[in-house]
Amino acid sequence: MSVSTVAAATTICAPLPVLGRDVTVPLVTGGEVTYAALDYAASAPALQRVWDDVAAYAPYYGSVHRGAGYLSQLSTDLFENARKTVEEFLDCRPDDQLIFTRSTTDSLNLLAAALPADCQVFVFETEHHASLLPWQDARVTYLNAPRTPGQAVETLEQALAARDPQGPALVCVTGASNVTGELWPVRQLAAAAHAHGARIVLDAAQLAPHHPVSVQDLDVDWIAFSGHKLYAPFGSGVLAGRADWLQAADPYLAGGGASRKVSRREDGGVDVEWHDSAARHEAGSPNVIGAYSIASACKALTEAGFDTLVAREQHLIEKVRTGLAEVPEVKVLSLFGDDAPRVGVISFVVDGWNSSHFAAALSAEYGIGVRDGLFCAHPLLRTLLGTDPQTQGECGAPEAAPGEKSLNAIRVSFGAGTPDEHVERFVGAVRELVTKGAKWTYHTENGRCVPAV
């Protein structure tokens, strides 16, 4: 997309209305300011459209699938139609199954529980812990951090070529890094996996809110994401993809809804016939409002148009990256380099600053919410920072000496609801903190850096 196209798109694309856009917060230096929510990679604010849709449905809420009453039937239709909406949003194959879960973490743990016996799993050490850790009961090969997209594909191909070709295998990969925002070569990694008889699951937690995602175009076997990243923060998530492994596995949770028939045996036990549909892994009363909120967000993003949303986000990314590049003390973290395509997630360190102190000052003195730490991606941060992430700095401790390696990082992230003023305020605050220092005194309290009273 050309610069002129981006500029044209941003002149006609305003931020999507989100909850909290007018919330004001107090500053330690006095007065109040409109809160700049720049922690979208952790939880994006709910779209106003999503909130309005949920509020309109709430009076008609009822238990799904097994009720004869009107509200129960209405809720059942809404729940199953939400499933269809999300399937269309993801461009699923006709025979795919879509299961509503609690989050990306829940989705990937569900898939891990459904792996065939003796399955080999291949995962890059650069993954978020949600996609790095669920495979502990399988034969796991952790792949070293690549420094280019091409190296990622080459590393995977070499690992798969050396595996036992007879057994099942699964590759798990992110679509966009929750630390650097960089896009991964998903289509090429999927092709490499399939060429060696393996399947692939895509962690789209940071990709789906920013870019259109097509299961068929990317040729992935499964996809997982969270509602709270997709402007629908109601404790819901999605696992969608091939049905065979899911149908062959025991239910993720045993209980009502997952079973088709239960009968007593003469020996006192019970025989259970489980569903083959998505209900097999959706035991208990499902989160109807969470599922509906995801579907509402999918509709809102589709109607807004991803071309326009992506163009506007690239405009914001350029604002932030250009502003940070003008501060010599700031180092932006990257695996693939400055030219790598990315979403609105940028992590950095500031020479001479403890990251927790810097983030606390952004909040207390400028009303800007970012995140500091290791972002549930410790091995990746070890690679990017060159330090052991088990070592934590204290806010009240002396600041890092110039040139000293940082113990953690700062992450700024944004998306469809972010106005220009928020990123402009952020860039100005970074410049002012680096050149003039913090106006307030800070100390560590309950593990967090906070302003001293």
Using only alpha carbon pairs under 8 Å that are at least six residues apart, calculate the relative contact order of the chain and give it in whole percent.
-> 21
What list do you get for THR105, THR180, THR174, THR141 if you sort them by fewest beta carbons within 10 Å?
-> THR141, THR105, THR180, THR174
Taking only C-alpha pairs under 8 Å that are 6+ residues apart, what is the relative contact order of the stretch 111-152 in percent?
-> 41
Nearest 10, in degrees from 0 to 90: the angle of helix 306-325 to the longest Cα principal axis of the chain is 30
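Charges at C-beta only: +1 for Lys and Arg, -1 for Asp and Glu. How large is the resulting dipole of the stretch 1-123 about its Cα centre, in Debye rounded to 20?
140
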By how many degrees, between 0 and 90 and to the nearest 10, does the Cα long axis of helix 186-195 differ from the longest principal axis of the chain?
-> 40
How high is the relative contact order of the stretch 162-242, in percent, counting Cα pairs under 8 Å that sit 6 or more residues apart?
-> 25
So between LEU71 and ARG147, what do we pick up on full extension, going 0.36 nm a residue minus the alpha carbon distance?
-> 22.0 nm
Identify the residues of the stretch 172-191 with backbone N under 15 Å of a label point that sits 7 angstrom from the Cα of VAL332 along the Cα-to-Cβ direction, or state none.
-> 177, 179-183
Which value, to two decimals, describes the C-alpha radius of gyration of the stretch 162-287 once divided by 2.2 N^0.38 Å?
-> 1.30
Aspartates and glutamates near LYS299 by alpha-carbon distance under 12 Å, same-chain residues fewer than 8 away left out - which ones?
-> ASP53, GLU87, GLU88
Derived scalar couplings ³J(HN,Hα) [the stretch 240-251; Karplus, 6.51 cos²θ - 1.76 cosθ + 1.60; whole Hz; x for Gly, Pro] = 10, x, 4, 8, 4, 5, 5, 6, 7, 8, 4, x
Which FRET efficiency, nearest 0.05, do GLU125 and GLN188 yield, Cβ-Cβ r, R0 25 Å?
-> 0.85
Evaluate the stretch 84-133: find the radius of gyration of its Cα atoms, find its Kirkwood radius, and give the ratio Rg to Rh.
-> 1.02
So for TYR292, TYR366, fewest C-beta neighbours within 10 Å to most, what's the order?
-> TYR366, TYR292
Label-to-label distance, nm, for residues given as GLN166 and ASP137 (7 Å Cα→Cβ offset) | 2.4
Using alpha-carbon positions, what is the distance between the centroids of the stretch 36-112 and the stretch 255-292, in Å?
-> 20
Check each of the GluC sites (Glu not before Pro) in the stretch 185-291 and keep only those in coil by DSSP with at most 13 other C-beta atoms within 10 angstrom; list them in order.
-> GLU266
Dipole of the chain, Cα-centred, from +1 at each Lys and Arg C-beta and -1 at each Asp and Glu C-beta, to the nearest 20 debye?
-> 360
Could you pull out every one of the lysines with an alpha carbon less than 24 Å from that of LYS331, ignoring same-chain neighbours closer than 8 positions?
-> LYS319, LYS405, LYS436, LYS439
Are there trypsin sites (Lys or Arg not before Pro) in the stretch 31-109 that DSSP marks as loop and that have at most 15 other Cβ atoms within 10 Å, and which are they?
-> ARG66
According to a simple spin-label model (label point 7 Å from Cα along Cα-to-Cβ), what is the distance in nm between TRP440 and ARG265?
-> 6.4
Ranked by Cβ crowding within 10 angstrom, fewest neighbours first, how are TRP184, TRP135, TRP245 ordered?
-> TRP245, TRP135, TRP184
When the convex hull of the C-alpha atoms of the chain is computed, what volume per residue in Å³ does it have?
-> 172
Filtered trypsin sites (Lys or Arg not before Pro), the stretch 192-270: DSSP coil and at most 15 other beta carbons within 10 Å = ARG265
Two-decimal Rg/Rh across the stretch 206-264, once Rg and the Kirkwood Rh are taken from alpha-carbon atoms | 1.09
Ratio to report: Rg/Rh of the stretch 10-79, with Cα atoms as the point set and Rh obtained by the Kirkwood method; give two decimals.
-> 1.21
Ordered by residue, what ³J(HN,Hα) values in Hz, to whole numbers, does the stretch 166-179 give under the Karplus form 6.51 cos²θ - 1.76 cosθ + 1.60, where θ = phi - 60° and Gly and Pro are x?
-> 7, x, x, 8, 9, 10, 10, 8, 7, x, 8, 5, 7, 9
In Å, the Kirkwood estimate of hydrodynamic radius for the stretch 25-171 over Cα pairs equals 19.9
Of all DSSP beta bridges in the chain, antiparallel share, percent nearest 5 = 65
Placing one equal point scatterer on each C-alpha of the stretch 49-302 and summing with Debye, one gets log10 I(q)/I(0) at q = 0.07, 0.10, 0.13, 0.17 Å⁻¹ equal to -0.25, -0.50, -0.82, -1.27
Projected-area mean, the stretch 319-358, by convex hull of Cα positions, square nanometres | 3.3
Report the FRET efficiency, 1/(1 + (r/R0)^6), for GLU80 and ASP217, where r is their Cβ-Cβ distance and R0 is 22 Å, rounded to 0.05.
-> 0.30
Using only Cα atoms, tell me the angle between helix 3-12 and the longest principal axis of the chain; keep it within 0 to 90° and round to the nearest 10.
-> 80
Here, ALA195 and ALA55, labelled 7 Å along Cα→Cβ, have an inter-label distance in nm of 5.3
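Each reported figure results from applying straightforward, stated rules to the coordinates on display, with no laboratory input. Here the structure is a predicted model, which means the values were calculated and not measured. So basically every Cβ, Gly included, is an ideal-geometry build from the backbone, and we count neighbours across all protein chains shown.
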